1. If you take the residues of the stretch 35-66 that are in contact with a strand residue (DSSP E or B) (Cβ under 7 Å, 6 or more places away or on another chain) and in contact (Cβ under 8 Å) with a residue 24 or more places away in the chain, which of them is farthest from LEU11 (Cα to Cα)?
2. Can you tell me which residues in the stretch 30-42 are touching a Gly at 6+ places or on another chain (Cβ under 8 Å) and either over 23 Å from HIS74 (Cβ atoms) or open to solvent by 30 Å² or more (accessible area, probe 1.4 Å) (or both)?
3. Do you know which of the residues in the stretch 11-26 that are at pLDDT 90 or above and in contact with a Leu (Cβ under 9 Å, 6 or more places away or on another chain) is most open to solvent (accessible area, probe 1.4 Å)?
Amino acid sequence: MPLEISKAKGLSKIQQLIGNPNLKIYAFGDQNNDLSMFSLADYGISMKQSSDQLKQRATYIADSDHGVLEGLHHYHLI
């Protein structure tokens, strides 16, 4: 993967395309390659088995093996 590509840049591009800078970003991840995405996101949800470094940046850490579902419930998105 080219060095200038990151998950944060992808999220930023989506945010630009949507055209609403006030839209809240919720990012889900489990490894250090998600750190850049968590830096951009308003809310970073790490999975139960996430790296310690990602857990330190997370706004919520899932307790179950269903981290995405748990995170969505925690933030009342579903």
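1. In this case the residue turns out to be LEU54.
2. Passing the criteria: only ASP30.
3. TYR26
Conditions tested, residue by residue: (1) within 14 Å of the chain's Cα centre (by Cα); (2) in a strand (DSSP E or B); (3) surrounded by 14 or more Cβ atoms within 10 Å (Cβ to Cβ).
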{"site": "ILE5", "(1), (2), (3)": "no, no, no"}
{"site": "PHE28", "(1), (2), (3)": "yes, yes, yes"}
{"site": "GLY44", "(1), (2), (3)": "yes, yes, yes"}
{"site": "LEU54", "(1), (2), (3)": "yes, no, yes"}
{"site": "ASP63", "(1), (2), (3)": "no, no, no"}
{"site": "HIS73", "(1), (2), (3)": "no, no, no"}
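The values are calculated or read from the model by the stated rules, or taken from the named source; none is laboratory data. In this text the structure is predicted, and so the values were computed from the model without any measurement. Every residue, glycine as well, gets a Cβ built from its backbone with ideal geometry; the counts of neighbours run over all protein chains shown. Just so you know, the surface numbers come from the protein's heavy atoms only, side chains and all, with ligands and any DNA or RNA stripped out. Shrake-Rupley method; radii C 1.70, N 1.55, O 1.52, S 1.80 Å.
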